[in-house]
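S.K.: Could you have a look at this structure, given as structure tokens, before my questions?
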Amino acid sequence: MSLVLDSIKISLGTVQLFKPLSLTAPPGSIVTLMGPSGCGKSTLLASICGMLDPGFSFSGTIALNGRPLNGIEMEHRKVGILFQDDLLFPHLDVFGNMAFGLPARMSRRQKRERVNNSLAAAGLEGFGARDIATLSGGQKSRVSLLRALLAEPEAILLDEPFSKLDENLRGSIKQFVFDQIGLMNIPALMVTHDRSDSADGTYIELK
């Protein structure tokens, strides 16, 4: 269960955003890509998800668990993404937000059980009926990650997910994210401009 990028190139017109990129993210690992703002980090993640703006040109191969993703619709790629903004739905409570990505075939009872178990594991037991507006920044981050993982992705992408957290929360939320990825044993690819975000202190520079 690995995410493999082979000779990825993305261009906007005649401008190539970064040098050809090849990497492998094994299951349960978090591979970190670093680079300054505007170097194409988020655009790379968009291409992996299948959300690349048609104004960009793409070449190379993306494979997940031996399955080529090139040309596959976004909803069939089984790739989750966590952004720096939580992007929670303000009109839904915590339960509604977390149940959003669950399979439609699941009954209401099954969805509630799955959501409640996830909340309890994240230290948010009893939060299902809470209004999103009443959550702290760290609580929103945990709910956002849980929502992404409840969809059972085969890989997850992290787009500077800790950049808007204050210093008091950053370490604990980062550890929670990394722990959950390890428990699910799925590959993760994170882009950031802060080398302290790396799970193991190593990173690949996008340039």
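S.K.: Quick one: which of SER7, SER37 is in contact (Cβ under 8 Å) with a residue 60 or more places away in the chain and farther than 20 Å from ALA151 by Cβ?
M.R.: SER37
S.K.: Please work out which residue is surrounded by the fewest Cβ atoms within 10 Å (Cβ to Cβ), limiting yourself to region 46-58 and to residues that are under 19 Å from LEU82 (Cα atoms) and out of contact with any Phe, Trp or Tyr (no Cβ under 7 Å at 6 or more places or on another chain).
M.R.: The extreme case among them is ASP53.
S.K.: Another question, then. Where residues in region 151-192 are out of contact with any Gly (no Cβ under 9 Å at 6 or more places or on another chain) and assigned to a strand (DSSP E or B), which of them is nearest to GLY66 (Cα to Cα)?
M.R.: LEU189
S.K.: Can ASP6 be described as assigned to a loop (DSSP other than H, G, I, E, B) and either at pLDDT 95 or above or acidic (Asp, Glu) (or both)?
M.R.: no
S.K.: Residues that are modelled with pLDDT under 90 and farther than 23 Å from PHE100 by Cα: does region 133-143 have at least one?
M.R.: no
S.K.: Would you point out which residue out of THR61, THR43, THR24 is without any contact (Cβ under 8 Å) to a residue 40 or more places away in the chain, surrounded by fewer than 19 Cβ atoms within 10 Å (Cβ to Cβ) and of a type in the set (Val, Ile, Thr)?
M.R.: None of the others qualify; the one that does is THR24.
S.K.: Any residue that is within 26 Å of PRO27 (Cα to Cα), crowded, with 20+ Cβ neighbours inside 10 Å and at pLDDT 90 or above - is there at least one of those in region 124-131?
M.R.: no
S.K.: May I ask you to say which residue of SER141, SER136, SER196 is without any contact (Cβ under 8 Å) to a residue 60 or more places away in the chain and either within 12 Å of the chain's Cα centre (by Cα) or closer than 20 Å to THR24 by Cα (or both)?
M.R.: That would be SER141, the only listed residue that is without any contact (Cβ under 8 Å) to a residue 60 or more places away in the chain and either within 12 Å of the chain's Cα centre (by Cα) or closer than 20 Å to THR24 by Cα (or both).
S.K.: Being modelled with pLDDT under 85, touching a strand residue (DSSP E or B) at 6+ places or on another chain (Cβ under 9 Å) and of a type in the set (A, V, I, L, M, F, W, C) is the filter here; which residues of region 154-207 pass it?
M.R.: Within region 154-207, PHE162, ALA199 meet the criteria.
S.K.: Check GLN16, GLN84 and return the single one that is closer than 22 Å to GLY201 by Cβ, surrounded by fewer than 19 Cβ atoms within 10 Å (Cβ to Cβ) and in contact with a Lys or Arg (Cβ under 7 Å, 6 or more places away or on another chain).
M.R.: Matching residue, one of GLN16, GLN84: GLN84.
S.K.: Within region 154-185, can you find the residues that are β-branched (Val, Ile, Thr) and out of contact with any Ser or Thr (no Cβ under 9 Å at 6 or more places or on another chain)?
M.R.: Listed by number, the list holds a single entry, ILE156.
S.K.: Give all pairs with beta carbons closer than 8 Å in which a residue from region 98-127 that is closer than 26 Å to SER172 by Cβ meets a residue that is of a type in the set (Phe, Trp, Tyr); count only pairs at least 6 apart in sequence or on separate chains.
M.R.: So the pair list comes out as PHE100/PHE89; VAL115/PHE95; LEU119/PHE127; ALA122/PHE176.
The values are calculated or read from the model by the stated rules, or taken from the named source; none is laboratory data. These numbers were taken from a predicted model, which means no experiment stands behind them. Heads up, the Cβs are rebuilt from the backbone with ideal geometry, glycines too, and the neighbour counts pull from every protein chain shown.
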